[in-house]
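FYI, it's all coordinate maths here, none of it is from the lab. All values reported here derive from a predicted model rather than from experimental measurement. Quick reminder, even Gly has a Cβ in these numbers, built from the backbone with ideal geometry, and neighbours come from all protein chains shown.
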Amino acid sequence: MAIRVEPSGAACGARVTGVDLAAPLDPGTVAEIRKAWLAHHVLAFPGQTMDDDALERFTLAFGGFGEDPFFAPIPGRAHIAAIRREADETSPIFAENWHSDWSFQARPPAGTCLLAIDIPPEGGDTLFANQHAAWDALSDARKADLGELVAIHSARLAYAPDGTYGDRDKGRSMDIRPGDAAMEARTHPLVPAHPETGRRGFFSTLGYIIGIEGKAQGDAIALLKDLQEWQGSERFVYRHKWEPDMLLMWDNRSVLHCATGGYEGHRRELHRTTIAASP
Ligand code: SIN
């Protein structure tokens with residue numbers, strides 16, 4: 001089956017039609033989708049009638065399930081979490097800061113899939129920032145300063161008991177499970193080469209990155225703040241607008257993403273899987 005791929009016109013993102021994701025995919029179609037995913041980093045599949053079985057099958061076709069800490073899965077599924085906000089909920093929007101999913105893991109997920117379950121009539125867009133573009137646009141001198149740095153990642157600011165989603169986070173309908181495991185830290189190059197394309201780009205950002213090896217903490221945070229502003233510059237960003245019956249997949253190795261609000265009084269729910277890192 002030949003898929004149709006329409007680029008968004010922004011720094012990343014494309015809309016893919018001509019494929020029915022409710023049915024099993026043949027290897028040729030999987031290969032075409034993978035090629036489009038690596039080229040555009042974020043793919044939106046509108047008009048799909050997928051259920052959770054189809055979401056799992058799709059995720060398995062692209063590399064298997066990642067490991068999802070700090071969320072309870074939805075009942076009856078080991079690998080699907082609900083990104084949910086009730087119409088009357090007042091807690092801060094989940095994931096409203098730029099991040100790459102689970103970048104603090106030893107083997108962070110290659111990608112994430114989100115399936116629209118309940119989409120508000122307005123707002124709730126997801127933003128993506130192309131981190132290859134953010135790297136490519138730097139001067140050679142700046143690249144030389146940053147290119148060999150090693151970033152320290154941790155979930156502690158978000159999921160430790162005293163983190164954003166820890167003990168003081170009340171009234172949230174999402175089933176988030178903070179814990180002491182969030183205190184662990186791991187390192188990754190700040191600007192790795194993408195394992196499939198070889199293109200360099202920033203991996204993750206301040207938040208899950210809590211320091212830089214060999215730099216004093218104050219200097220590291222000042223640099224990370226400055227970089228975060230650059231990484232999320234308008235010219236690198238694609239604003240994804242949700243539609244009912246839509247599946248979205250993105251490449252965590254090449255984009256940052258964040259949620260947005262603007263749908264007060266409306267319910268929003270998406271089912272989420274992560275795609276494991278390639279072996
Ligand atoms: C996420 O970061 O996984 C959620 C994105 C969104 O809710 O738009």
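Taken one residue at a time, the phi angles of the range 93-103 give Karplus couplings (6.51, -1.76, 1.60, θ = phi - 60°) of 4, 6, 6, 7, 10, 4, 6, 10, 4, 6, 5 Hz. Gly and Pro are set to x.
Just subtract the alpha-carbon distance of Asp20 and Asp136 from 0.36 nm times their residue separation and send over the number in nm, one decimal. Walk me through the intermediate numbers first.
Values: separation 116, 0.36 × 116 = 41.76 nm, distance 3.53 nm.
Net length gain for the segment: 38.2 nm.
Please report the relative contact order for the range 1-56, taking Cα pairs under 8 Å with a sequence separation of at least 6, and give it as a percent rounded to a whole number. Each step should come with its number before you reach the end.
Values: 68 pairs, mean separation 22.4, N = 56.
It comes to 40 percent, rounded to a whole number.
Kirkwood Rh over alpha-carbon pairs of the chain, then Stokes-Einstein at 4 °C and 1.567 mPa s: what D in µm² s⁻¹, rounded to an integer? Answer from the Stokes-Einstein relation: 68 µm²/s. Taking other Cβ atoms within 10 Å as a rough exposure proxy, Val42, Val237, Val150 sort from fewest to most as Val150, Val237, Val42.
Got the relative contact order for the chain handy, in percent, Cα pairs under 8 Å and 6 or more residues apart? Show your work: numbers first, answer last.
Values: 617 pairs, mean separation 99.8, N = 279.
For the chain, the relative contact order is 36 percent.
Candidate cross-link partners of Lys143 among the lysines, defined by an alpha-carbon separation under 27 Å and a same-chain spacing of 8 or more, comprise Lys215, Lys225.
Listed from fewest to most Cβ neighbours within 10 Å, the set Glu269, Glu243 follows the order Glu243, Glu269.
The gain in end-to-end length when the Thr187 to Ile221 segment is fully stretched comes to 10.7 nm, 0.36 nm per residue minus the alpha carbon separation.
Taking 0.36 nm per residue of separation and subtracting the Cα-Cα distance, full extension of the segment from Thr260 to Asp145 would add 38.2 nm.
Summing +1 for each Lys or Arg and -1 for each Asp or Glu, what net charge is found among the other residues whose Cβ lies under 13 Å from the Cβ of Ala23?
Neighbourhood net charge equals -3.
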